[in-house]
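Colleague: Pasting a structure below so you can have a look.
Every read-out reported here was derived from the displayed coordinates using simple, explicitly stated rules and does not represent laboratory data. These numbers come from a predicted model, not from an experiment. Cβ coordinates were reconstructed from backbone atoms using ideal geometry, including for glycine residues, and neighbour counts include every protein chain displayed.
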């Protein structure tokens, strides 16, 4: 059998292959030869064969059949074999394979070998890929080598120990004694690896950290070593561009950072040396800047005095002006970390940071953008916004969404005037309208609603924007909503802020209808457009045209659109008396927490997203009858019925819950009109029963408002507990607890409530419809009452349930609310 | 450091050193994706990027890209120096190193790397000492009793 071809020969041959297929053929041929050679247990050429296999593996070909051969090589006595064997193990084996455990014994032997280069191979392999089991088995050997006087082995043992600690943290303790005099070594290799080991230990264990700070007095030692490095003359062995062993300097600075963090004494002890390094390090080359960078990170992280901190930030400021983009990148990253704590110092470099927005590198641009937003405040808002809007215009799409959100946030916080705010929003919508985040639409609408004096201006500008471009959906949605809401201002030709445009009702309707038919409009946008058109029926005179449009869409293929159209149609026909009130101008909206959990209101089996601050349109479907019933029963103009089932289903629109209920159906915030005059306006009669106002529960409800019993009759008891809604203190959250002391369950239990006109009430879904007998459980339900005028809370409740087969119905008035619940 | 890759401008891997446990399949995927990402970058861009959840530091020397994945706390600028030191070592060893040297002597490139870094950290900061160790080890290899048997 001829000798297998040599490695270099094989490499040369494979490189002559002109196609992938040719290469594959050569490889397969050689692999076959190697395989048969392995089968023959050929010791002489095993090394050569494995080496070739490793080459082919690097090209991407499978080499697993060589794994065991690597182990055989490691076990061999020849240094050549061991070298290739260990290399093969590191390349082909990983700790998930069982095979690698077989190495443990070999490594153990080699760790005790007479030749330091063999020991080195073993340490290297263990430190690179040793599994937890191997580390456990061999930690003792490593620890032994950590104490040797042979610096070649000592430095390797230190890094091997780092790996062992990472794999098996519990073993950290055993290396502690060996660390005692590591730092008194002269050898830089040992020093460097020792610092790495100490860093690993301090990072992992607060106890170790404390130990090294106090007992070992690590900080002074490190300071001394660092000082020597800086002060000592030129050392050719460790010099890099005039700096002595920058690698060691950087590691020491990093360890100092960990030791100084949250520790006054340590921080004090390293103050001088940090200042020295910061001021004396040569900055012309990357090496110097690497050290300065690490120094800055350390200064910012420990409890340094303010002078030092300013020095650090100034270094970063200088970095920003450096030609080397890597340096600029690093500076921006660091500034981003410190902008919260050292805001003023960073502000001084604002103009440089803003210039970085124009950098060509994507990472630098992103950081500059984030930093810019962090630096915006009331003083610089105008200037900064100009730059940021310019950036928004020209930046890559990947930035636009974040930038737009940032602009909105900043504008909301620091807008110098409402007009400026609206203009800024317009600018974002028109330049990056399609990248704006979904939740911006309701936020913007709310903002616009609240800027009452700007309505005419806003709707005019939005209208003009629509004429230009209807492709950007968020813009179109906001615009449609505004036109629907303020269309009357638009056609009236009044605008204070700018030259009013002359536009007719028909032109406006043309635009909105255009949105409905355009291919560019998403279904959500179409919904907005249709609702806007509907709203205009009370603001414009061309009602017939609107009626026609609405009826056309009654047969739209889009289910959502169809449903809306049908309901709006009904508004024209059967409920025309309600239309004006329903479509009234929106009141100023409260800012709601849009991140709150979505609550579900039970609506005859359908579920709806509900809203913290609720509006109550009478529904246009069957539940209206219930509403009228309650109204009839309770009577009186001063009562607003609250209906549990309120809205028809809507799919999730682009806006948040707030807009779902408020915007789409464009419902009035005011109470619905008084019921038909046929209802007697006399005082309703209730059966007031002995309502006790004793608190029922010993545990006081949140906000210290005592609970109360609202109703207690025929075995059914209803208690109210209170808490304040967060964030709106005008909203009281009442939880009713219904309990049943009779022998039988009360089924089909329904609780309804009504409040006077000045209040608004929202009923969430009950925990169940069955109140178990004999007080075995309670049904709970949450009521939210908005009481902006802080009037005395009164409530009328209606209870229906089935007990032992017969239906029971009762009405009651609740007057004994504790004063804290409505003050 | 989590890993170091050396690859040509055509995307061919010349050296791969992994300091974290990953299967062959995972390594291949990472290499392939990362190589593509870096090759797509323009020359004017900076040497650092965030990729997946790693910090990547890379530098091109002639026809070879040297690419390291480092941890969050690692200093990117000093990593550039580490890369540079490795190139210097190769240069000294091979005498004006070029890509072909690394292709034909890949196992030596690994040996040198393993004398410079261990477990992803620098074990020796003196160029002289690293080269001396390699020299001695090579001599040891020469003097093994099955003399003259070369790979």
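Colleague: Which percent, nearest 5, of DSSP beta bridges in the protein assembly as shown are antiparallel? Show your work: numbers first, answer last.
Modeller: Details: 77 of 77 bridges.
Rounded to the nearest five, the antiparallel share is 100 percent.
Colleague: Per-residue ellipticity at 222 nm for chain A, helices alone: DSSP H runs ≥ 4 residues times -39500 (n - 2.57), over residue total, nearest 500 deg cm²/dmol?
Modeller: Using -39500 (n - 2.57) per qualifying helix, the result is -16500 deg cm²/dmol.
Colleague: For the range A:444-493, what are Rg and Dmax over the alpha carbons, in angstrom?
Modeller: Cα-based Rg and Dmax for the range A:444-493 come out at 10.1, 28 Å.
Colleague: Which percent of Cα-Cα pairs in chain B sits in each 10 Å bin, short to long?
Modeller: 10, 39, 35, 13, 3, 0
Colleague: Once you place label points 7 Å from the Cα toward the Cβ at residue B:128 and residue A:577, how far apart are they in nm?
Modeller: The modelled label-to-label distance comes out at 10.5 nm.
Colleague: Hey, what angle do you get for helix A:286-301 against the long axis of chain A, alpha-carbon based, 0 to 90 degrees rounded to 10?
Modeller: Around 50 degrees separate the two axes.
Colleague: For the range A:279-387, what class follows from the C-alpha gyration tensor (a ≥ b ≥ c being the square roots of its eigenvalues): rounded when a/c is under 1.5, otherwise prolate if a/b is larger than b/c, else oblate? Don't skip to the answer; put the middle values down first.
Modeller: On the way: a/c = 2.23, a/b = 1.29, b/c = 1.73.
Oblate is the answer for the range A:279-387, as a/c is 1.5 or above yet b/c matches or exceeds a/b.
Colleague: Okay, next question. If you wrap a convex hull around the C-alpha atoms of the range A:1-47 and split its volume per residue, what is the figure in Å³?
Modeller: 69
Colleague: May I ask you to give the average projected area over all directions of the convex hull of the Cα atoms of the range A:312-461, in nm² rounded to one decimal?
Modeller: 8.8
Colleague: Calculate the tail of P(r) for the range A:1-83: the fraction of all Cα-Cα distances greater than 16 Å, expressed in %.
Modeller: 48
Colleague: If you count, for each residue, the other Cβ atoms within 10 Å and average over each peptide, how do A:16-22, A:225-231 line up from highest to lowest? Intermediate values should be presented prior to the final figure.
Modeller: Working: A:16-22: 9.4, A:225-231: 15.4.
Those peptides, ordered most packed to least, come out A:225-231, A:16-22.
Colleague: Rounded to a whole number, what is D in µm²/s for the range A:458-570 from Stokes-Einstein with the Kirkwood radius over alpha-carbon pairs (4 °C, 1.567 mPa s)?
Modeller: Answer from the Stokes-Einstein relation: 93 µm²/s.
Colleague: Sticking with this one: Distance from a point 7 Å along Cα→Cβ of residue A:757 to each backbone N in the range A:807-823: keep the residues under 16 Å and list them by number.
Modeller: No residue qualifies, since no backbone N sits under 16 Å from the label point.
Colleague: Which semi-axis lengths, in whole Å and largest first, follow from the square roots of five times the eigenvalues of the Cα gyration tensor of the range A:108-175?
Modeller: The equivalent ellipsoid of the range A:108-175 has semi-axes of 18, 12, 10 Å.
Colleague: Other chains near A:252-262: what is the mean number of their Cβ atoms within 10 Å of each residue's Cβ?
Modeller: Values: counts 0, 1, 4, 0, 0, 1, 1, 0, 0, 0, 0.
Other-chain Cβ atoms within 10 Å of each residue's Cβ, averaged: 1.
Colleague: Does the range A:127-264 come out rounded, prolate or oblate, given a ≥ b ≥ c as the square roots of the eigenvalues of its C-alpha gyration tensor, rounded meaning a/c under 1.5 and, failing that, prolate meaning a/b above b/c?
Modeller: oblate
Colleague: Moving on to the next point. What is the helix-to-structure angle for B:106-116, meaning the angle in degrees between its Cα long axis and the longest Cα principal axis of chain B, kept from 0 to 90 and rounded to the nearest 10?
Modeller: 80
Colleague: Still on this structure: How large is log10 I(q)/I(0) at q = 0.10 Å⁻¹ when the Debye formula is applied to the Cα atoms of chain A, each weighted equally and without solvent?
Modeller: Log10 of I(q)/I(0), two decimals: -1.06.
Colleague: Between residue A:469 and residue A:323, what is the FRET efficiency for a Förster distance of 60 Å, r being their Cβ-Cβ separation, to the nearest 0.05?
Modeller: Numbers: r = 41 Å, r/R0 = 0.68.
After rounding, the FRET efficiency stands at 0.90.
Colleague: With the cut-off at 1.5 for a/c, could you classify the range A:218-342 from its C-alpha gyration tensor as rounded, prolate or oblate? Don't skip to the end; give the middle numbers.
Modeller: Numbers: a/c = 2.06, a/b = 1.06, b/c = 1.95.
Oblate is the answer for the range A:218-342, as a/c is 1.5 or above yet b/c matches or exceeds a/b.
Colleague: I'd like to compare A:395-408, A:539-552: which one has the highest average count of other Cβ atoms within 10 Å, and what's the full order after that?
Modeller: A:395-408, A:539-552
Colleague: At residue A:427 and residue A:186, where each label point lies 7 Å from the Cα along Cα→Cβ, what is the point-to-point distance in nanometres?
Modeller: The answer from the label model is 6.7 nm.
Colleague: Quick one: angle between helix A:306-320 and the longest Cα principal axis of chain A, in degrees between 0 and 90, rounded to 10, please.
Modeller: Relative to chain A, helix A:306-320 is tipped by roughly 90 degrees.
Colleague: Over the Cα atoms of the range A:37-130, what radius of gyration and what Dmax do you get, in Å?
Modeller: That works out to 12.4, 37 Å for Rg and Dmax.
Colleague: Per residue of B:92-104, how many C-beta atoms from partner chains lie within 10 Å of its own C-beta, taken as a mean?
Modeller: 1
Colleague: Once fully extended, how much extra length lies between residue A:283 and residue A:552, figured as 0.36 nm per residue of separation less the alpha-carbon to alpha-carbon distance?
Modeller: Result for the pair: 89.4 nm of gain on full extension.
Colleague: Hull surface divided by four, with the convex hull built on the Cα atoms of the range A:371-527: how many nm²?
Modeller: If I average the Cα hull's projected area over directions, I get 9.1 nm².
Colleague: Kirkwood Rh over alpha-carbon pairs of the range A:738-820, then Stokes-Einstein at 25 °C and 0.890 mPa s: what D in µm² s⁻¹, rounded to an integer?
Modeller: After rounding, the answer is 176 µm²/s.
Colleague: Moving on to the next point. Say each of residue A:355 and residue A:235 gets a label point 7 Å from the Cα, pointing the same way as Cα to Cβ; how far apart are those two points in nm?
Modeller: The modelled label-to-label distance comes out at 3.9 nm.
Colleague: Would you mind giving the mean number of other chain beta-carbons within 10 Å of the Cβ of each residue in B:38-49, as a whole number?
Modeller: 4
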